[in-house]
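Down below is the structure, laid out as structure tokens.
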Amino acid sequence: MTVRFQEILDRIKYLPEEPGCYLMKDKKGKIFYVGKAINLRNRVRSYFSGGDTRTFVSWLENILSDLETIVVRNETEALLLEISLIRQHRPRFNVQLKDDKNYILLRLDTRPRKPSAAKHLRYPRLEIVRKAKNDGARYFGPYPSAAQLRMTLHLINKLFKLRTCNDHVIDNRARPCIQYQIGRCGGPCVQEIPDYFDEVQNVVQFLQGNSAEIEQRLKRRMWQASAEQHFEAAGRLRDQYNALKTSLASQAVTNVQKRLNQDVIAAARQEPYLEIVHIVVRGGKVLGNKNYSFAHQEFPTDELLSGFLGQLYENAEADALPDEILLTKALPDAEFLAIALSAQKQKRVVVKKPLRGKAKALTEIAQKNADVALRDRLQLRETQDASLVALQKTLGLANIPRVIECFDVSLFQGTDAVASKVRFVEGAPDKSGYRKFNIKTVVGTDDFAMLYESITRRLKRGLEENDLPDLLLVDGGKGQLSVALAACKDLGIEVAPDKMFVAGIAKARVDKKDIDPSAPVTKSSERLFVPGVKDPILLREHTAERYLVERIRNEAHRFAITAHRARRKKRTLASVIESIPGIGPARRKALLKHFGSLQNIREATPEHIAQTIAIKLELAEQISKLLKGDE
């Protein structure tokens with residue numbers, strides 16, 4: 001036992017017996033775990049009492065170098081402080097929601113407008129947003145996934161005829177689009193739609209799940225149109241009514257007993273993997289679910305689940321919070337979480353584990369989804385492990401290459417060169433380790449020099465942070481491999497099977513041995529070039545190692561191409577905008593922010609341009625002519 005660790009043990013008996021948070025730090029002073037407790041001394045002492053058999057606890061003697069505590073007034077404050085500290089420090093042993101985006105919402109402005117208002121105000125559309133604003137509009141959701149939201153929007157577009165074009169298009173369009181031609185839009189861009197707000201109200205009722213009211217509304221309009229001998233309109237309403245009944249009859253699980261907004265949370269675990277499923281129920285209707293996957297989790301499930309819920313609802317708007325949170329596992333701090341969320345919602349929020357009824361049935365569904373997700377993940381992990389072991393044997397490595405990084409370079413005619421690095425951990429993409437390198441020291445089309453610069457920059461940082469991959473791949477043959485080896489040599493990094501290894505990936509070549517033009521085209525095997533070996537290693541088709549290498553190489557190529565195109569587009573757009581006379585940087589920025597693209601600026605009327613960046617109409621007309629001539 002180290003002297004430092006013994007000092008920490010001696011300090012535990014003097015910790016406060018009050019609510020608060022404790023922060024565990026490693027030898028570099030970095031926080032690796034944040035926890036909360038009603039009694040700080042008792043909670044921290046439990047880790048060293050001798051009865052805790054978790055793997056994490058056995059590591060503490062080697063990892064833990066310092067312990068810090070923060071005292072608060074009550075358990076609710078401890079919960080809120082823990083959430084804030086996890087967000088700030090992102091400790092590696094805490095459950096962390098890496099996607100900081102809010103769930104998707106649907107926004108619809110239902111406020112009536114004067115006839116003199118702009119078209120986009122008189123004819124509102126259903127928009128996808130990630131944050132509700134206090135702007136008088138109606139918000140629906142949240143929807144857990146974009147796929148489920150697209151299904152809802154597709155159904156609404158079939159049943160109702162709200163516009164789908166953006167505000168800029170409807171204000172400037174001179175003729176209707178394809179949506180009008182196929183009967184899914186009334187064409188408010190070119191003609192007045194007197195009953196447009198009837199459709200708006202129908203959409204509101206549909207999203208709220210008020211099927212009976214919307215059916216009655218459509219029936220009344222249908223019979224009224226028939227009585228006025230508007231038989232074509234009555235026929236359309238009849239078709240809309242029938243389509244609505246069919247879609248409502250086929251919709252998924254609903255709670256007819258009470259129309260509550262509920263979130264259902266379930267967790268499945270097999271050390272060290274944790275799967276959490278979040279099912280969203282709004283107005284008694286299941287909108288969908290979202291899965292969260294975590295690894296390297298050693299702490300109790302109730303602690304991890306509590307931290308997950310705190311982060312999930314930390315920045316949620318009051319309208320997006322549920323009335324009830326249903327859990328498959330009772331949490332010790334559920335009462336304090338409910339108090340914090342009730343204050344955030346300004347309305348009572350219940351956090352409970354239901355024991356019977358429809359709420360219990362929902363938790364059983366959530367638990368089944370979590371179990372299936374965990375099973376699928378374990379099966380995937382077995383497949384990934386098999387691929388890594390196969391690649392290890394193919395390359396003759398001493399250890400399994402758990403961390404693999406791959407480099408690629410993309411450029412066009414010597415301009416906008418970008419090198420990409422993708423990172424795979426345990427055979428799966430680790431997006432947090434993706435990097436793009438804008439080439440700084442190379443002019444022209446010297447791919448080798450660009451590759452050398454990007455690899456050198458990456459490895460220098462890796463040496464400083466003690467973070468080098470097990471296997472470094474470069475997209476290319478012997479030349480690219482030589483560049484990577486030169487970069488390693490210049491930095492004093494040893495390349496060996498029992499240390500960091502380097503290899504080059506060469507794509508399959510078309511076999512030209514057969515000179516008969518009518519003969520079928522054949523390709524060589526994918527090849528890996530390794531140091532000190534003249535001939536490449538051939539990767540046979542349909543093998544685990546070939547699939548893994550191809551996947552990594554293709555991902556590096558995709559990432560490099562995407563970064564290159566984004567840089568080229570930005571440069572092209574900036575050069576055209578900068579050539580416009582009479583406007584400075586602030587107005588150029590306002591133009592791009594409002595219109596989003598050069599094409600939208602070209603399509604805008606001079607009046608719209610003048611209003612957007614506050615310039616005279618004469619100057620706006622000159623800008624419009626210049627951009628249309630440049631096109």
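Every number here is computed from the coordinates shown, using simple stated rules; none is lab data. These figures come from a predicted structure and were not determined experimentally. For neighbour counting, all protein chains shown are included, and Cβ atoms are generated from backbone atoms with ideal geometry for every residue, glycine included.
Just to verify a number: FRET efficiency for Ala330 and Asp10, C-beta to C-beta distance, R0 = 35 Å, to 0.05?
It comes to 0.45.
Residue by residue, what Karplus-based ³J(HN,Hα) values in Hz, rounded to whole numbers, does region 119-127 have, using 6.51, -1.76 and 1.60 with θ = phi - 60° and x for Gly and Pro?
Per residue, the Karplus-derived 3J(HN,Hα) values read 4, 5, 8, 6, 10, x, 10, 7, 10 Hz.
To make sure I understand, if each residue's beta carbon is the centre and we count other beta carbons within 10 Å, what order do Ile493, Ile404 fall in, fewest to most?
So the residues, fewest neighbours to most, are Ile493, Ile404.
Work out, step by step, the length gained on full extension between His542 and Asp430: first 0.36 nm times the residue separation, then minus their alpha carbon distance; give nm to one decimal.
Numbers: separation 112, 0.36 × 112 = 40.32 nm, distance 2.43 nm.
Taking 0.36 nm per residue and subtracting the Cα distance, the gain is 37.9 nm.
When the dipole is taken about the Cα centre of region 403-565, and only Lys, Arg (+1) and Asp, Glu (-1) are charged at their Cβ, what size is it in debye, to the nearest 20?
Details: 26 positive and 25 negative charges, 59 e Å.
Once rounded to the nearest 20, the dipole reads 280 debye.
Collect residues whose amide H, placed 1.01 Å from N in the peptide plane, falls under 5 Å from the amide H of Glu526; neighbours closer than 5 in sequence don't count.
Amide H neighbours of Glu526: Leu539.
I'd like the FRET efficiency for Asp195 and Arg175, computed as 1/(1 + (r/R0)^6) with the beta carbon distance as r and R0 of 25 Å, rounded to 0.05.
Working: r = 22 Å, r/R0 = 0.88.
Once the sixth-power term is evaluated, E becomes 0.70.
Using all Cα-Cα distances in region 3-89, what percent lands in each 5 angstrom bin from 0 up to the longest?
3, 15, 25, 25, 21, 10, 2, 0
For region 546-551, what does the Karplus curve 6.51 cos²θ - 1.76 cosθ + 1.60, with θ = phi - 60°, yield as ³J(HN,Hα) per residue in whole Hz, taken in order and with x for Gly and Pro?
5, 4, 5, 5, 4, 5
From the Cα gyration tensor of region 403-565, with a ≥ b ≥ c the square roots of its eigenvalues, which class applies: rounded if a/c is under 1.5, or else prolate if a/b is larger than b/c, or else oblate?
prolate
Using the 10 angstrom Cβ neighbour count as an exposure proxy, how do Lys593, Lys368, Lys352 rank, fewest first?
Going from least to most buried by this count: Lys593, Lys368, Lys352.
Would you mind checking which residues have amide H under 5 Å from Gly288's amide H? H placed 1.01 Å from N; only 5 or more apart, or other chain.
For Gly288, the qualifying residues are Val280.
What distance in nm separates the two pseudo spin-label positions at Lys30 and Asn42, each 7 Å out from Cα along the beta-carbon direction?
3.4 nm
If each of Ser84 and Lys478 carries a label point 7 Å out from its Cα toward its Cβ, how far apart are those two points in nm?
Label at Ser84, label at Lys478, 6.2 nm between them.
Taking the Cα centre of region 104-249 as origin and charging only Cβ (+1 Lys, Arg; -1 Asp, Glu), how large is the dipole, in debye to the nearest 20?
Once rounded to the nearest 20, the dipole reads 300 debye.
Grab the Cα-Cα distance for Trp223 and Glu314, subtract it from 0.36 nm times how many residues apart they are, and report the gain in nm with one decimal.
27.8 nm
Say the dipole of region 262-376 comes from +1 at the beta carbon of Lys and Arg and -1 at that of Asp and Glu; which of Leu305, Phe336, Gly357 then lies farthest toward its positive end?
Gly357
In the structure displayed, which of Lys393/Lys499; Lys133/Lys161; Lys131/Lys345; Lys436/Lys589; Lys431/Lys489 lie more than 18 Å apart, Cα to Cα?
From Lys393/Lys499; Lys133/Lys161; Lys131/Lys345; Lys436/Lys589; Lys431/Lys489, over 18 Å: Lys133/Lys161; Lys436/Lys589; Lys431/Lys489.
At 7 Å along Cα-to-Cβ for each site, give me the label-to-label distance between Asn438 and Arg113 in nm.
About 3.8 nm, to one decimal.
If you rank His557, His278 by fewest surrounding Cβ atoms within 10 Å, what's the result?
On the way: His557 18, His278 22.
Ranking His557, His278 by Cβ neighbours within 10 Å, fewest first, gives His557, His278.
Can you compute the charge dipole magnitude of region 3-89 about its Cα centre, using +1 on each Lys and Arg Cβ and -1 on each Asp and Glu Cβ, nothing else charged? Give it in debye, rounded to the nearest 20.
Numbers: 14 positive and 12 negative charges, 39 e Å.
Magnitude of the dipole: close to 180 debye.
Find the centroid of the Cα atoms in region 279-353 and in region 457-481, then give the distance between the two in whole Å.
42 Å
How high is the FRET efficiency from Arg588 to Lys131, r the C-beta distance, R0 22 Å, rounded to 0.05?
The formula returns an efficiency of 0.25 here.
Around Arg125, which amide H atoms from residues at least 5 apart in sequence, or from another chain, sit under 5 Å from its own amide H, with H modelled in the peptide plane?
Excluding prolines and chain starts, which carry no amide H, the hits are Asp109.
Which of the listed residues, Ala417, Ser454, Pro429, is farthest toward the dipole's positive end in region 318-456, when Lys, Arg count +1 and Asp, Glu count -1 at the beta-carbon?
Pro429
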